[in-house]
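Visitor: Have a look at the structure that comes next, please.
Every number in this text was worked out from the coordinates using simple rules, so none of it is lab data. What you are looking at is a predicted structure, and each value in this text was computed from that prediction instead of being measured. Glycine also receives a Cβ, built like all others from the backbone with ideal geometry; neighbour counts cover every protein chain displayed.
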Amino acid sequence: MTERVVLAYSGGLDTSVGIGWLKDATGKDVVALAVDVGQGGEDMDDIRQRALDCGAVEAIVVDAKDEFANDFLMPALKANALYQKRYPLVSALSRPVIARHLARVARELGADSVAHGCTGKGNDQVRFEAAVAALAPELKSIAPIRDLALTRDKAIIYAEEHGLPIKQSKKNPYSIDKNVWGRAVETGFLEDPWNAPIEDLYEYTQDPDHDGPADEVTITFTAGIPTALDGVPVTPLQAVEQLNILAGKHGVGRIDIVEDRLVGIKSREVYEAPAAMALIAAHEELENLTLERDVNRFKRGVEAEWSTLVYEGLWYSGLKRSLDVFIDHTQEMVSGDIRMTLQGGRAVVTGRKSPKSLYDFDLATYDTGDTFDQSMAKGFIEIWSLPSKISAQRDLAQ
Ligand code: ARG
C-alpha cells in the first residue's frame, strides 16, 4: 500500500496546493484533515470537497469546537493564561487540539507522517511538531511550505497549472488565524510597529470609541469554569460564543503588541479576543475572593510559566501537565458570581460573591462590629520587621 501522510488542511491556497506538492515530493497519498475550532467562514463540507478536488485521497472534517473549549480553553482560563501578560494564546491553544486529531487519524489510517502548512518563521510549526512528537513519537512531520520551499507565488502558479479549484480572492494583505478564543492578525502594513491598527482589521469587536450604552453581565463560575450567564446555564463553548458577541459589541479585548516569538523574532501582532479577556478578568477576580493569599500569589507565578510553556509548544510536556494538577487543585473553591460592566473597550468587574468567599465583612469593616483585634497588630509588626531591623543595625554599624 502507498504510504500516507495526514495534512492539517485549512481550505486556503497554501494547504490546497500543499496536497499536490506533498504527493509529488514524497510519493505519499495525502489525507486532508480539517479541524473546526470555531474559525467560522466557509462551510466545512465545501472545504472537504475542495481537498478532494485538489487530489486528497480522503478528506476528513472534525467538529472539535466543544473539545477545544472543554479541554483547551477552560484550562487556559483556569490559568488566566496570557503570554507576556497580554496575549491570550489564541493560536497557541488551537495547535495542540489539531495535532491531537492529526496523530489520531494518522494512527487510525496507518499513515507514517503528518503535515502542516506553517512557514519556518513562526511558532505554529513548533507547536504542531512538538505536540505530535509527544503524542505519537513514531510519526514524522513534514511542512511543505517550509521544507519544500513553497512560496505564495509558486502556489498560485501551481494552482493555475493544475486547474485547482482555488478562488484567488483579492489578495488579503494580512496573515490571519482565528478560532472561538479570538483572532490573530499579522503582516501587511502592521509590520511597521509604528503604524496604528485600522478599524478594517477587526471582525470580532466593534469600535470601542463609538460605543453605545453599557451592558451588564453576571458570569457564574463553578470550580473555575463558567457555567451560567445571567443565570442561564451554558456549556464552556456557549459561554465563550455568547461573550464574544456581548463583549465584542463593546470593543472588549483588542490587543496590539510586539511579541517575542520562540524562534527569536520580534513580531507585531494585533489580536481581538473579547470573550477570553472578559472571562479572564472575571475569573481572576473570583480567585481574589476565594483563594488564600499565598496560594493566589504563588498561582500568578505559575500562570506566567504555564502561559510560556503553552506559547512555546509544550502543551503535552511533563512540566505543563504537572502545573495543570496544581492549577486544578486551586480551582476547587473558585465558584461564585462575577458581575461585569461592558463598555468602551473595557470589561470591568463591579461585583463578586461566592459561597466559598474568604472575604469576612466583620474583619474588614471600619464600622462598629469590627471583630479584628487591632492590638495584635503591634506585636506582629515587631516580629515581621525583625529581619530588616537586625540587618539595618548591622549595616549602620559598619
Ligand atoms: N503570534 C501568534 C502566536 O504565535 C499568532 C500566530 C498566528 N498564526 C498565523 N498563522 N497567522 O500564537
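Visitor: How big is D, in µm² s⁻¹, for the chain by Stokes-Einstein at 10 °C and 1.306 mPa s if Rh is the Kirkwood radius over C-alpha pairs?
Guide: Details: Rh = 23.4 Å.
Using the Kirkwood radius from Cα pairs, D works out to 68 µm²/s.
Visitor: Just to be sure I understand: with springs between alpha-carbon atoms less than 10 Å apart, which residue in 381, 60, 157 has the highest mean-square fluctuation in the Gaussian network model of the chain?
Guide: Greatest mean-square fluctuation among the candidates belongs to 381.
Visitor: With the contact rule set at Cα under 8 Å and sequence spacing of 6 or more, what percent relative contact order holds for the chain? Intermediate results must be reported in sequence, preceding the final value.
Guide: On the way: 731 pairs, mean separation 68.0, N = 398.
About 17 percent, as a whole number.
Visitor: Where in the chain lies the longest segment free of trypsin sites (Lys or Arg not before Pro) that are both loop residues by DSSP (not H, G, I, E, B) and have at most 12 other Cβ atoms within 10 Å?
Guide: Working: sites that count: 85, 167, 170, 171.
Longest gap between qualifying sites, sites excluded: 172-398.
Visitor: Which of the aspartates and glutamates could a cross-linker bridge to residue 356, judged by Cα under 19 Å and excluding same-chain residues fewer than eight apart?
Guide: The qualifying aspartates and glutamates are 284, 285, 287, 292, 294, 328, 332, 337.
Visitor: Hey, another quick one. Along the Cα→Cβ direction, 7 angstrom out, place labels at residue 2 and residue 210. What is the inter-label distance in nm?
Guide: Modelled inter-label distance: 5.3 nm.
Visitor: With label points built 7 Å along Cα→Cβ from the Cα atoms of residue 366 and residue 43, find their separation and express it in nm.
Guide: For the pair residue 366/residue 43, the computed spacing is 6.4 nm.
Visitor: Between residue 298 and residue 348, how high is the FRET efficiency from 1/(1 + (r/R0)^6) when r is the Cβ-Cβ distance and R₀ = 25 Å? Nearest 0.05.
Guide: Numbers: r = 26 Å, r/R0 = 1.05.
Between residue 298 and residue 348 the formula returns 0.45.
Visitor: Mark the label point 7 Å from the Cα of residue 341 along Cα→Cβ and return the residues of the stretch 234-249 whose backbone N is within less than 20 Å of it.
Guide: Only 246-249 fall inside the zone, counting backbone N under 20 Å.
Visitor: Taking only Cα atoms, what is the 0 to 90° angle, nearest 10, from helix 293-311's long axis to the longest principal axis of the chain?
Guide: 10
Visitor: Another question, then. Using 0.36 nm per residue, how much length does the chain from residue 266 to residue 227 gain when fully extended, once their Cα-Cα distance is taken away?
Guide: Numbers: separation 39, 0.36 × 39 = 14.04 nm, distance 3.77 nm.
That works out to 10.3 nm of additional length.
Visitor: Where the centroid of each part is defined by its Cα atoms, how far is the stretch 297-321 from the stretch 127-189 in Å?
Guide: Distance between centres, Cα-based: 27 Å.
Visitor: Given only helices, namely DSSP H runs of n ≥ 4 each adding -39500 (n - 2.57), what is the per-residue ellipticity at 222 nm of the chain, to the nearest 500 deg cm²/dmol? Let's see the in-between values first.
Guide: Working: 15 runs with 168 residues, N = 398.
Result for the chain: -13000 deg cm²/dmol, rounded to the nearest 500.
Visitor: For the chain, what is the charge dipole size about the Cα centre, in debye to the nearest 20, if Lys and Arg each add +1 at the Cβ and Asp and Glu each add -1 at the Cβ?
Guide: Values: 43 positive and 62 negative charges, 189 e Å.
That gives a dipole near 900 debye.
Visitor: Springs between alpha-carbon pairs under 10 angstrom, Gaussian network model over the chain: which of 151, 119, 308 fluctuates most?
Guide: Ranking 151, 119, 308 by mean-square fluctuation puts 151 first.
Visitor: Comparing 83, 204, 158, which has the greatest mean-square fluctuation in the GNM of the chain with Cα pairs linked when under 10 Å apart?
Guide: 158
Visitor: Please give the length that would be gained between residue 325 and residue 375 if that part of the chain were fully extended, namely 0.36 nm times their separation in residues minus their C-alpha to C-alpha distance (nm, one decimal). Could the numbers behind the result be given before it?
Guide: Working: separation 50, 0.36 × 50 = 18.00 nm, distance 4.03 nm.
Fully extending the segment from residue 325 to residue 375 adds 14.0 nm.
Visitor: Rounded to the nearest 0.05, what FRET efficiency do residue 157 and residue 245 give with R0 = 51 Å and r taken as the Cβ-Cβ distance? Could you check? Let's see the in-between values first.
Guide: Numbers: r = 41 Å, r/R0 = 0.80.
FRET efficiency, residue 157 to residue 245: 0.80.
Visitor: Can I ask one more? Place a point 7 Å from Cα of residue 174 in the direction of its Cβ. Which residues in the stretch 195-215 have their backbone N less than 18 Å from it?
Guide: 195-210
Visitor: Restricting to DSSP loop positions (anything but H, G, I, E, B) with no more than 14 other Cβ atoms inside 10 Å of their own Cβ, which GluC sites (Glu not before Pro) remain in the stretch 191-282?
Guide: When the GluC sites (Glu not before Pro) of the stretch 191-282 are filtered for loop state and at most 14 Cβ neighbours within 10 Å, 203 remain.
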